[in-house]
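As structure tokens, the structure follows; a few thoughts come after it.
The values are calculated or read from the model by the stated rules, or taken from the named source; none is laboratory data. Keep in mind that what you see is a predicted model, and the values were worked out from it rather than measured. Calculation scope for accessible area: heavy atoms of the full protein, side chains included, ligands and nucleic acids excluded. Shrake-Rupley method; radii C 1.70, N 1.55, O 1.52, S 1.80 Å.
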Amino acid sequence: MQNTKDYYRLLHVQSDAPLAVIRSSYRALMQKSGQHPDRGGDHEQAALINEAYAVLSDPQKRAEYDLRLRQPNIDSASAADESRYREASADRCLFCGTPHLAGAIHQRSGNCSACASPLFVAPKLQLPQGCRRGAQRLAHGGDIAFYTRWPQEVAHHGQIRNLSPNGMQFQTRVALEKDRVIKIDGDAMSSVARVVNQSRQWGLTRVYWVGVEFCTIRFVSPKGTFFSAVV
């Protein structure tokens with residue numbers, strides 16, 4: 001799309017750059033390079049850099065942006081350009097970065113061919129008018145396996161404390177920093193998720209409560225798992 005701003009170029013990173021590289025480049029531009037307005041930088045340029053970082057640091061916003069950025073004009077593509085079109089329209093797994101055709105992220109059953117993560121972008125549940133809670137969190141107590149990188153031979157383990165269509169909280173002995181993207185496999189669902197908070201529970205053993213929001217999701221059996229409480 002011609003009118004789509006190139007956020008990757010604004011932040012001086014490649015389109016497959018991990019979050020840590022994006023964050024480092026953003027900080028360098030805003031602080032060390034003097035782009036921050038408090039350091040005499042240009043206000044408009046600083047606003048563009050902040051806009052780019054807000055999108056590229058959020059897994060779901062980045063996936064949607066990448067789809068817009070890479071989608072070519074299908075009507076102008078000829079048969080001879082089909083292979084180039086397929087490459088240009090590829091989206092990437094949010095966990096391992098493996099490219100897939102853009103349409104795969106709209107298929108609820110689509111999996112990454114490399115790490116088996118679900119590709120379907122998790123919808124954000126909106127609270128309808130008259131509902132006290134549209135995404136009631138339910139105690140679950142099931143076990144999960146999760147991965148912090150790929151490939152990873154041995155999974156980490158946790159236990160679900162509560163679960164909703166938008167995210168979950170689970171207990172684990174592994175410390176996870178905010179904004180880390182992880183792959184989760186459980187009896188109820190599989191997901192690529194972003195860590196939004198973590199708190200440590202003090203006791204005889206070191207235990208953490210980790211809260212995540214789903215970036216991509218596949219529920220094994222969503223029917224009957226969640227309900228809305230209507231006022």
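Taking all protein chains together and a 1.4 Å probe, the residues 176, 10 rank 10, 176 from largest to smallest accessible area. Note on residue 124: accessible area approximately 80 square angstrom, rounded to 10, probe 1.4 Å, nucleic acids and ligands left out. Full extension of the chain between residue 116 and residue 161 gives 13.8 nm of extra length, using 0.36 nm per residue less the Cα-Cα distance. When the P(r) is computed for region 145-204, the part past 17 Å accounts for 35% of the Cα-Cα pairs.
Taking all protein chains as they are arranged and a probe of 1.4 Å, the heavy atoms of residue 154 leave approximately 110 Å² accessible to solvent.
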